[in-house]
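Asker: Structure below; questions to follow.
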Amino acid sequence: MNKFVFVDCKTVDEALGQMSDGAIVKAGGIDLLDLMKDGIVTPPKLVNIRNISSLQGITAGKDGLHLGPLSTLSEIAAHPEIQKNYTALANAAGHAATPQVRNMATLGGNIMQRPRCWYFRSSEFDCKKKNGASDDCHAHTGENQYHAIMNNETCAMVHPSSTAVPLLAMNAQVELTSKRGKRTVAMSEFYVPPEKSLINETVVQPGELITGVFVPVPEPGTRSAYQKYGEKESFDWPLADAGVVLVMDGTHCRKAWIVLGVAAPTPIRSTAAEAVLTGKTIDEATARAAASAAMKDATPLSQNGFKTQLFQTAIYRTVLLAAGQMQPDPSAIG
Amino acid sequence: MADSPKTTFSRRGFLKGAGVTAATTVIESANALARETKDALHSDRAVGPGSVPVKLHINGHEYSVAIEPRYTLAETLRDNLGLTGTKVVCDRGSCSACTVWIDKTPALACMTLAIDVVGRQITTIEGLSHGDTMHQVQAAFVKHDAMQCGFCTPGMVMSCAALLDRNPNPKLADVKHAVSGNLCRCGTYPKVFAATLDVAQQRRQTAGLVALVTEREA
């Protein structure tokens, strides 16, 4: 790891004052230390926000769910109110990585993770995403079994955040604070796809800090679920994951949000799958039809065609789980 | 000097006095170090990139150590403090061999900066046993032969002991979940599960006996 200056901040203002000259913000530090150990980022200064108390804490009330960005994944997974009313979020946080990582990793850090792509994560490979000169996306011509199967023309990375999937499905909002003031960004606008920018992965600007994540109160009749599938049943990066939020009236689906995690370079909603379910009775047939619609426009690479099948399984089973018609899948990553 | 009291001088007294003086010096310098560390970490003054003096609370003891901000807790424990019970295997948070407790919660020493745990209570595998007496979980690992090469064992024990502290009646699924991040390439998992469930059983029996004795005495 490169040498760096370390500043432990106690307040947001103090942190904002330190975020200059190439400094990187550190919360749980899991993804950051990973990147630093591999020499992918070499910040001269770390701004430690881990001890800023105003960024901690979870409040669930009549106006919705307020999550301090320093809430750990363990805290989110264990929160009774989140388990009950924001089930998919508790599931996603509770199935990310390992128990030890969940005890350390924060919500803000989870949604700010850098992409998964072994070419991006290796200092041996040059690519435009790392400000490199090479025009090639090595994943297009190389090993790509874990890469994106949709929107992958420019760059085939995937975003690994589990929590971003239900947050997007629940219309969450992210509060960003800088010296200029605060602004709120919808989760649907938070990630920047590679065709818009290869460098900016999110709308977070230099000097901005995530100071809150807000999830609105679910409509009456809302049920949600999240499941992820990987090579192992214990901890693993997802190969396919689905977040489903349904507004139900008995078995009748009034509204549906279906979000896919590692299908594309950013978490994406499948409006095609949502359209199949909206206004219909949820059963095995409609769940299968939604899964199939979600993968209609998939453009798998040479080695990841299996992910289109795996995503259909993930969507089908998670729709039925959300609708209360299926038990949690024991073959999903627990 | 005629009225000066008679002084006695013994070897033991001298050593005791010298010891007190030396200890006082150590405490004074430790206090100065603590003030310095507190100031350095809690003001807007940045520390590093060179060595920074810090105090770490590990296994109930206070250690003064000079570290660069980039040192991980795992490196500091092993290389600076000689606490080599904590193992480093993947150094990327993927195997959990380096599991320690930070304020009683299992965490990864390899993905924690040592400077970030100033003021927190660290427990390592060395802190579980009492002298030569093994912790119950360690004893159960021996009894059930729950290790082969032993490299994952300290992390595995830390995960299982933390589970039993927060859940005295774990089911098999709870133990599996608790060690779901601890990789063992020798494949000792079934014995790890058996050892942990055995400790839970022992503790229930002990608790039952204590309750019985208390009841009879009452």
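Asker: Among the residues of region A:56-93, how many are of a type in the set (Asp, Glu) and in a loop (DSSP other than H, G, I, E, B)?
Answerer: Qualifying residue count for the region: 1.
Asker: Among the residues of region A:276-283, is there at least one that is hydroxyl-bearing (Ser, Thr, Tyr) and more than 19 Å from the chain's Cα centre (by Cα)? Break it down into steps so the answer makes sense when it comes.
Answerer: Residues of region A:276-283 hydroxyl-bearing (Ser, Thr, Tyr): A:278, A:281.
So of that shortlist, the ones also more than 19 Å from the chain's Cα centre (by Cα) come out as A:278, A:281.
Checked against the condition, which is being hydroxyl-bearing (Ser, Thr, Tyr) and more than 19 Å from the chain's Cα centre (by Cα), region A:276-283 yields at least one hit.
Asker: Related question: Has region A:159-181 got at least one residue that is touching a Lys or Arg at 6+ places or on another chain (Cβ under 7 Å), surrounded by fewer than 18 Cβ atoms within 10 Å (Cβ to Cβ) and not aliphatic (A, V, I, L, M)? Full working, then the answer.
Answerer: Within region A:159-181, the subset touching a Lys or Arg at 6+ places or on another chain (Cβ under 7 Å) is A:160, A:162, A:168, A:175-176.
Next, only the ones that are surrounded by fewer than 18 Cβ atoms within 10 Å (Cβ to Cβ) stay: A:175.
Still in the list and also not aliphatic (A, V, I, L, M): A:175.
Within region A:159-181, one or more residues are touching a Lys or Arg at 6+ places or on another chain (Cβ under 7 Å), surrounded by fewer than 18 Cβ atoms within 10 Å (Cβ to Cβ) and not aliphatic (A, V, I, L, M).
Asker: Same structure again: Hey, among the residues in region A:272-299 that are without any contact (Cβ under 8 Å) to a residue 40 or more places away in the chain and among the hydroxyl-bearing types (Ser, Thr, Tyr), which one's nearest to A:LEU167 (Cα to Cα)?
Answerer: Once the filter is applied, the top-ranked residue is A:THR278.
Asker: Got at least one residue in region A:251-271 being free of Cβ contacts under 8 Å to residues at least 24 places away in the same chain and either of a type in the set (Phe, Trp, Tyr) or part of a loop (DSSP other than H, G, I, E, B) (or both)?
Answerer: Scanning region A:251-271, I find no residue that is free of Cβ contacts under 8 Å to residues at least 24 places away in the same chain and either of a type in the set (Phe, Trp, Tyr) or part of a loop (DSSP other than H, G, I, E, B) (or both), so the answer is no.
Asker: Would you be able to say whether some residue in region A:8-26 is within 22 Å of the chain's Cα centre (by Cα) and within 11 Å of chain B (Cβ to nearest Cβ)?
Answerer: yes
Asker: Next question. Hey, could you check region A:124-139 for residues that are under 24 Å from the mean Cα position of the chain (by Cα) and assigned to a loop (DSSP other than H, G, I, E, B) and say which is surrounded by the most Cβ atoms within 10 Å (Cβ to Cβ)?
Answerer: Across region A:124-139, the extreme among qualifying residues is A:CYS137.
Asker: Do we find that B:MET156 is more than 17 Å from A:ALA97 (Cβ to Cβ) and part of a loop (DSSP other than H, G, I, E, B) in this structure? Before you say what the answer is, go through the steps one by one.
Answerer: On the way: more than 17 Å from A:ALA97 (Cβ to Cβ): yes; part of a loop (DSSP other than H, G, I, E, B): no.
No; evaluated as a whole, the condition is false for this residue.
Asker: Let me ask something else. Mind listing whichever residues of region A:101-135 are of a type in the set (A, V, I, L, M, F, W, C) and either modelled with pLDDT of 90 or more or in contact with a Lys or Arg (Cβ under 7 Å, 6 or more places away or on another chain) (or both)?
Answerer: The answer is A:VAL101, A:MET104, A:ALA105, A:LEU107, A:ILE111, A:MET112, A:CYS117, A:TRP118, A:PHE120, A:PHE125.
Asker: Just checking, how many residues over region A:255-281 are among the β-branched types (Val, Ile, Thr) and under 24 Å from A:MET112 (Cα atoms)?
Answerer: Pass one, region A:255-281, residues among the β-branched types (Val, Ile, Thr): A:258-259, A:262, A:266, A:268, A:271, A:276, A:278, A:281.
Cutting the leftovers down to under 24 Å from A:MET112 (Cα atoms) gives us A:258-259, A:262, A:266, A:268.
Looking only at that region, the number is 5.
Listed here are the residues, each with its yes/no results for (1) out of contact with any Gly (no Cβ under 8 Å at 6 or more places or on another chain); (2) closer than 19 Å to A:ILE111 by Cα.
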site	(1), (2)
A:PRO220	yes, no
A:ARG223	no, no
A:CYS253	no, no
A:VAL259	no, yes
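Asker: Going by the structure shown, is A:ALA93 more than 17 Å from B:MET111 (Cα to Cα) and surrounded by 21 or more Cβ atoms within 10 Å (Cβ to Cβ)? If you could, list the steps in order and put the result at the bottom.
Answerer: On the way: more than 17 Å from B:MET111 (Cα to Cα): yes; surrounded by 21 or more Cβ atoms within 10 Å (Cβ to Cβ): yes.
Spelling it out, A:ALA93 is indeed more than 17 Å from B:MET111 (Cα to Cα) and surrounded by 21 or more Cβ atoms within 10 Å (Cβ to Cβ).
Asker: Only one of (1) out of contact with any Asp or Glu (no Cβ under 6 Å at 6 or more places or on another chain); (2) of a type outside the set (Val, Ile, Thr); (3) buried (at least 17 other Cβ atoms within 10 Å of the Cβ); (4) not in a loop (DSSP other than H, G, I, E, B) is not met by A:ARG50, so which one is it?
Answerer: Tallying (1) out of contact with any Asp or Glu (no Cβ under 6 Å at 6 or more places or on another chain); (2) of a type outside the set (Val, Ile, Thr); (3) buried (at least 17 other Cβ atoms within 10 Å of the Cβ); (4) not in a loop (DSSP other than H, G, I, E, B), A:ARG50 fails exactly one: (4).
Asker: Oh, and also: Please count how many residues of region A:29-52 are within 9 Å of chain B (Cβ to nearest Cβ) and among the small types (Gly, Ala, Ser).
Answerer: Number of matching residues: 1.
Asker: Starting from region A:37-49, keep only residues that are at positive phi, then list their pairs with residues that are among the hydroxyl-bearing types (Ser, Thr, Tyr) whose Cβ atoms are within a distance under 8 Å, requiring at least 6 positions of separation or different chains.
Answerer: A:GLY39/A:SER123
Asker: Taking the stated definitions as given, is B:CYS95 at pLDDT 95 or above and in a loop (DSSP other than H, G, I, E, B)?
Answerer: Numbers: at pLDDT 95 or above: yes; in a loop (DSSP other than H, G, I, E, B): yes.
It is true that B:CYS95 is at pLDDT 95 or above and in a loop (DSSP other than H, G, I, E, B).
Asker: Scan (1) facing chain B (nearest Cβ under 10 Å); (2) buried (at least 20 other Cβ atoms within 10 Å of the Cβ) for the single condition A:LEU70 breaks and write down its number.
Answerer: (1)
Asker: So which of B:VAL117, B:VAL175 is within 30 Å of B:ALA46 (Cβ to Cβ) and within 13 Å of chain A (Cβ to nearest Cβ)?
Answerer: Details: B:VAL175 fails: within 30 Å of B:ALA46 (Cβ to Cβ).
Matching residue, one of B:VAL117, B:VAL175: B:VAL117.
Asker: Return only the number of the condition from (1) more than 14 Å from chain A (Cβ to nearest Cβ); (2) at pLDDT 50 or above; (3) surrounded by fewer than 17 Cβ atoms within 10 Å (Cβ to Cβ) that B:ILE58 does not satisfy.
Answerer: Just one mismatch for B:ILE58, condition (3).
Asker: Among the residues of region A:140-158, how many are surrounded by fewer than 16 Cβ atoms within 10 Å (Cβ to Cβ), outside any helix (DSSP H, G or I) and hydroxyl-bearing (Ser, Thr, Tyr)?
Answerer: Residues flagged as surrounded by fewer than 16 Cβ atoms within 10 Å (Cβ to Cβ), outside any helix (DSSP H, G or I) and hydroxyl-bearing (Ser, Thr, Tyr) within region A:140-158 amount to 0.
Asker: What residue, of A:THR266, A:THR251, is on the phi < 0 side of the Ramachandran plot and modelled with pLDDT of 95 or more?
Answerer: That would be A:THR266, the only listed residue that is on the phi < 0 side of the Ramachandran plot and modelled with pLDDT of 95 or more.
Asker: Another one. Condition first: on the phi > 0 side of the Ramachandran plot, outside the structural domain of B:LYS87 (by TED's automatic domain parsing) and either of a type in the set (S, T, N, Q) or modelled with pLDDT of 95 or more (or both). Can you find one or more residues in region B:122-145 that meet it? Break it down into steps so the answer makes sense when it comes.
Answerer: First, the residues of region B:122-145 that are on the phi > 0 side of the Ramachandran plot: B:131, B:145.
Keeping just the survivors that are outside the structural domain of B:LYS87 (by TED's automatic domain parsing) gives B:131, B:145.
Pick out the ones that are also either of a type in the set (S, T, N, Q) or modelled with pLDDT of 95 or more (or both) and you get B:145.
Yes: region B:122-145 contains one or more residues that are on the phi > 0 side of the Ramachandran plot, outside the structural domain of B:LYS87 (by TED's automatic domain parsing) and either of a type in the set (S, T, N, Q) or modelled with pLDDT of 95 or more (or both).
The values are calculated or read from the model by the stated rules, or taken from the named source; none is laboratory data. All values derive from a computational prediction rather than experimental measurement. Cβ: placed from backbone, ideal geometry, glycine included. Neighbour counts: every protein chain shown.
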